[in-house]
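Every number in this text was worked out from the coordinates using simple rules, so none of it is lab data. Bear in mind that the values here come from a model prediction, so they are computed numbers and not experimental data. Counting neighbours? That spans all protein chains shown, and the Cβs are built from the backbone with ideal geometry, glycine included.
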């Protein structure tokens, strides 16, 4: 098999096996939780925590199995080059990947980056979305936030309990999604595929999985604009978070930004469902101070936004230069659609 074809095969087999293992873990997790009589809060926490951890375990297992299978089938001449790849991400221990670049000396630096990524990028985009008529209603509808008789609907919890629950479950949501879309695609994928292609695969897929909410039964009669807006949000965030990770190799800050944003968004949706005025409550007490912090971050360059735009522009330029014909674009689009289907079962 040609080296490039083998690289594509390895990467796609990793994604396929990850999807299958993750589906099995998901099914097993649901069976275990349904067997025990747990409180709604404990059930929520164990489900989101178990699902997040199972996805990461599925990725590690898939990478180990696929790369071990390929390495054992290589001839002796290729074994030397394999040994030279020992420092690649797939050869490192899970802890090295999860906490890559994070230590006691730079913990607060990474926390700062995560916070200002959240305040400078995520919050303005979130705010713009929620002032568009109908977007808050679509968000509440998609998340089933208005269902009163569901004991696991954390949007209906008392505020303190809701924030506590949201902090826990959305940490695992952010952890799972960032590890999948940033660490897997932009580390393993970068080593295997053409560099700019995998960057855009990651961002586009992050947008597409947010469009999936359009297929939920409660959303089928709603205008298509709203899931498209969610998809655009996901694409934009995927480009920014991916560029930051590409530049710094730091996963912790993008998890922090994603986590904080999910929590804020959940509180704003809760306020809306409970009939609390957006401008009187959510804007005044949540968005206005955070938008102010974001503006300060821009003014004093507390977040490396210029570096982020440089990564996006350079990757786009490299991708355009790599296109030999229209067939290349068609193949890339087909690959994205296939990957989207795989993401649907993850």
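With a cut-off of 14 Å on the backbone N, the residues of segment 323-346 near the modelled label site 7 Å out from residue 219 along Cα-Cβ are 344. If you fit an axis through the alpha-carbon atoms of helix 195-211 and take the longest principal axis of the Cα set of the chain, what angle between them do you get, 0 to 90°, nearest 10? For 195-211 against the chain, the angle is about 30 degrees.
Taking the fewest neighbouring Cβ atoms within 10 Å as the starting point, the ordered list for 122, 51 is 51, 122.
Taking the centroid of alpha carbons for each part, segment 204-238 and segment 111-182 are 15 Å apart. Rounded to the nearest 10 degrees, the inclination of helix 326-344 to the longest alpha-carbon principal axis of the chain is 60 degrees. Extending 7 Å from the Cα toward the beta-carbon at both residue 284 and residue 35 defines two label points whose distance is 5.2 nm.
Peptides 241-251, 138-148, 34-44 ordered by packing proxy, namely the average of other Cβ atoms within 10 Å per residue, highest first: 241-251, 138-148, 34-44.
The C-alpha atoms of the chain occupy a region whose extents along the principal axes are 68, 54, 46 Å, arranged from largest to smallest. Taking every alpha-carbon pair under 8 Å whose residues sit at least 6 apart, the chain reaches a relative contact order of 26 percent.
Rounded to the nearest 10 degrees, what's the angle between the helix 252-273 long axis and the longest principal axis of the chain, both from Cα atoms, 0 to 90? The two axes meet at around 30 degrees. Quarter the surface of the alpha carbon convex hull of segment 236-329 and you get the mean projected area, 8.6 square nanometres. Net length available on complete extension from residue 324 to residue 336 is 2.5 nm, with 0.36 nm assigned per residue and the Cα-Cα distance removed.
Adding -39500 (n - 2.57) for every DSSP H run of four residues or longer, then dividing by how many residues the chain holds, sets the calculated 222 nm ellipticity at -23000 deg cm²/dmol.
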